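K.L.:
Take this structure first; my questions come after.
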Amino acid sequence: METRGTFAPETRADALERYEEVGPVAQVVVREATKAMSFDADEYDERVTPEVIQTARDATFAELLAVHVGTGEEFDAWLDDSGFDEEDVIRIGSADVDNVVWHPVPFADTVVVATYQNEPDAAASTLRRNAFGRVYREEFYESGR
């Protein structure tokens with residue numbers, strides 16, 4: 001088993017703090033990308049909506065999440081020792097493959113798991129987007145964030 005990514009929030013407050021921190025980063029990334037696409041000021045103002053910046057923020061946060069990469073057996077052993085129950089697991093993908101990536105969200109009593117056969121990076125990215133969409137988004141926006 002290996003871990004990829006940089007952020008594994010233990011608390012909702014930690015997650016919200018990091019989410020706030022990536023806001024300015026997302027704005028800079030969008031601004032620089034639109035410069036590379038030769039947007040003039042009017043096109044930027046017309047096309048770069050708050051929703052575009054929000055999407056960039058969400059994606060940036062999600063891609064920073066730490067995920068564990070391993071076999072199904074390694075995940076099962078981790079789950080047995082983790083304090084999470086099978087009912088806490090959200091599974092994505094086929095049960096007929098050997099490998100999994102997973103991301104625990106302790107403050108939401110949830111572990112998001114995605115299966116893969118040969119592409120751990122793609123699986124990790126899929127997992128991160130799903131973890132954000134299924135867990136973090138609800139946690140962030142439920143609070144009026």
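K.L.:
Determine whether V25 is surrounded by fewer than 16 Cβ atoms within 10 Å (Cβ to Cβ), more than 21 Å from G83 (Cα to Cα) and either touching a Gly at 6+ places or on another chain (Cβ under 6 Å) or at pLDDT 95 or above (or both).
P.N.:
The answer is yes for V25.
K.L.:
If you don't mind, another one. Could you check, for the range 121-136, whether at least one of its residues is over 21 Å from A13 (Cα atoms) and loosely packed, with under 15 Cβ neighbours inside 10 Å?
P.N.:
Yes, because at least one residue in the range 121-136 is over 21 Å from A13 (Cα atoms) and loosely packed, with under 15 Cβ neighbours inside 10 Å.
K.L.:
Starting from the range 20-38, keep only residues that are under 14 Å from T49 (Cα atoms), then list their pairs with residues that are of a type in the set (F, W, Y) whose Cβ atoms are within a distance under 7 Å, requiring at least 6 positions of separation or different chains.
P.N.:
Filtered contacts from the range 20-38: T34/Y44.
K.L.:
Could you tell me whether any residue of the range 80-92 is in contact with a strand residue (DSSP E or B) (Cβ under 8 Å, 6 or more places away or on another chain), exposed (fewer than 15 other Cβ atoms within 10 Å of the Cβ), closer than 20 Å to R134 by Cα and not aromatic (F, W, Y)?
P.N.:
Taking every residue of the range 80-92 in turn, at least one turns out to be in contact with a strand residue (DSSP E or B) (Cβ under 8 Å, 6 or more places away or on another chain), exposed (fewer than 15 other Cβ atoms within 10 Å of the Cβ), closer than 20 Å to R134 by Cα and not aromatic (F, W, Y).
K.L.:
Quick one: in the range 1-19, of everything that is touching a residue at least 60 places away in the same chain (Cβ under 8 Å) and of a type in the set (G, A, S), which residue is farthest from T110 (Cα to Cα)?
P.N.:
The qualifying residue farthest from T110 (Cα to Cα) is G5.
K.L.:
Also, quick follow-up: Residues that are loosely packed, with under 12 Cβ neighbours inside 10 Å, closer than 23 Å to R129 by Cβ and β-branched (V, I, T): does the range 42-55 have at least one?
P.N.:
Yes, because at least one residue in the range 42-55 is loosely packed, with under 12 Cβ neighbours inside 10 Å, closer than 23 Å to R129 by Cβ and β-branched (V, I, T).
K.L.:
Taking interchain pairs and intrachain pairs at least six residues apart, which have beta carbon atoms under 9 angstrom, with the first residue in the range 47-64 and in contact (Cβ under 8 Å) with a residue 40 or more places away in the chain and the second assigned to a helix (DSSP H, G or I) and of a type in the set (S, T, Y)?
P.N.:
D58/Y19; D58/Y136; F61/Y19; F61/Y136; A62/S125; A62/Y136; E63/S125
The values are calculated or read from the model by the stated rules, or taken from the named source; none is laboratory data. Owing to the predicted nature of the structure, the values given are computational and were not obtained by experimental measurement. Neighbour counts are summed over all protein chains in view; Cβ atoms, including those assigned to glycine, are modelled from backbone coordinates with ideal geometry.
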